[in-house]
Every structure is written in structure tokens, then in C-alpha cells.
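As C-alpha cells, the structure follows; a few thoughts come after it.
The values are calculated or read from the model by the stated rules, or taken from the named source; none is laboratory data. All values derive from a computational prediction rather than experimental measurement. Please note: Cβ atoms are built from the backbone with ideal geometry, for glycine as well, and neighbour counts cover all protein chains shown. Side chains included, ligands, DNA and RNA excluded: accessible areas come from the protein's heavy atoms. Shrake-Rupley method; radii C 1.70, N 1.55, O 1.52, S 1.80 Å.
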Amino acid sequence: MRGKDIGILGVPIGIGGGKPGTAHGPRHARAAGLVEVLGERLDHATVTDLGDVVPAEQASGSRLRDAADWCRLVRDETERLASEGILPLVIGGDHSLATGSIAGVARARRRA
């Protein structure tokens with residue numbers, strides 16, 4: 001039986017983190033072999049690295065507004081993937097990205 005395809009989204013966000021450097025999480029996870037390890041261990045699924053999602057506009061200077069922009073972007077991307085039957089695996093960054101990823105999957109499930 002074939003498992004769900006997995007789409008990896010990097011979210012290099014550090015707005016909500018208390019320590020500098022959290023935005024480097026996706027890069028470090030990839031460098032450590034995350035995509036390859038998942039591909040080897042989950043041979044019943046296709047694992048695709050979809051790159052990083054990044055807002056089109058520059059930071060506004062308001063941490064709250066910038067975090068909201070990131071969350072909307074992550075929401076839209078995870079909703080799109082989940083609607084296509086792809087399991088979004090979001091790597092970041094700091095914990096603030098969870099708001100967008102949970103909202104996106106919830107939207108896709110509501111519509112299904």
C-alpha cells in the first residue's frame with residue numbers, strides 16, 4: 001500500500017524565536033540529510049523538497065505584522081498541498097510558523 005506523498009516546505013522564520021539563528025533551521029535540516037533520510041525510510045511515499053516559502057514583501061518593521069504575513073503564506077501553501085493529497089511537512093524556523101501550518105491543513109480538511 002502506497003503512503004501519502006510528502007512535500008517539505010522550509011520556513012526560515014525567526015520572528016517569534018527568543019534566540020537568534022532559528023531562521024536557519026530549514027537549511028540545517030536539509031544539510032543534515034532530512035530529505036534523503038525520509039526518502040530512504042519512507043520508501044512507500046514520494047518525498048519532495050519544495051524549497052523555502054518567503055514573503056514577497058520586505059519586513060514591515062512590525063514583528064506582529066511580519067509574523068502574520070508569514071503565517072498567511074504558510075497557511076496558503078499547506079492548504080494547497082493538503083488539498084492535493086500531499087502531506088505537508090513544514091520545517092522552520094521558530095514556533096510561530098505553526099499557526100499557519102495548522103490553519104492551512106484545517107482549511108483543506110474542512111473543504112474535503
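So, in segment 38-81, exactly how many residues are polar (S, T, N, Q) and either assigned to a helix (DSSP H, G or I) or within 16 Å of Val105 (Cβ to Cβ) (or both)?
Total meeting the criteria: 1.
For segment 53-73, state whether one or more residues are among the β-branched types (Val, Ile, Thr), within 14 Å of the chain's Cα centre (by Cα) and open to solvent by less than 30 Å² (accessible area, probe 1.4 Å).
Checked segment 53-73: at least one residue is among the β-branched types (Val, Ile, Thr), within 14 Å of the chain's Cα centre (by Cα) and open to solvent by less than 30 Å² (accessible area, probe 1.4 Å).
With the structure loaded, tell me whether Ile91 is in contact (Cβ under 8 Å) with a residue 12 or more places away in the chain, touching a Pro at 6+ places or on another chain (Cβ under 6 Å) and surrounded by 12 or more Cβ atoms within 10 Å (Cβ to Cβ) or whether it fails that test. Don't jump to the end; show me each part of the working.
Details: in contact (Cβ under 8 Å) with a residue 12 or more places away in the chain: yes; touching a Pro at 6+ places or on another chain (Cβ under 6 Å): yes; surrounded by 12 or more Cβ atoms within 10 Å (Cβ to Cβ): yes.
It is true that Ile91 is in contact (Cβ under 8 Å) with a residue 12 or more places away in the chain, touching a Pro at 6+ places or on another chain (Cβ under 6 Å) and surrounded by 12 or more Cβ atoms within 10 Å (Cβ to Cβ).
Per-residue answers, yes or no, for (1) touching a helix residue (DSSP H, G or I) at 6+ places or on another chain (Cβ under 9 Å); (2) at pLDDT below 90; (3) under 23 Å from Lys4 (Cα atoms); (4) among the polar types (S, T, N, Q):
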| position | (1), (2), (3), (4) |
| --- | --- |
| Gly17 | yes, yes, no, no |
| Gly39 | no, yes, yes, no |
| Asp43 | no, yes, yes, no |
| Ala106 | yes, no, yes, no |
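From the list His24, His28, which residue is closer than 11 Å to Asp94 by Cα, modelled with pLDDT of 90 or more and surrounded by fewer than 17 Cβ atoms within 10 Å (Cβ to Cβ)?
After ruling out the rest, the residue left standing is His24.
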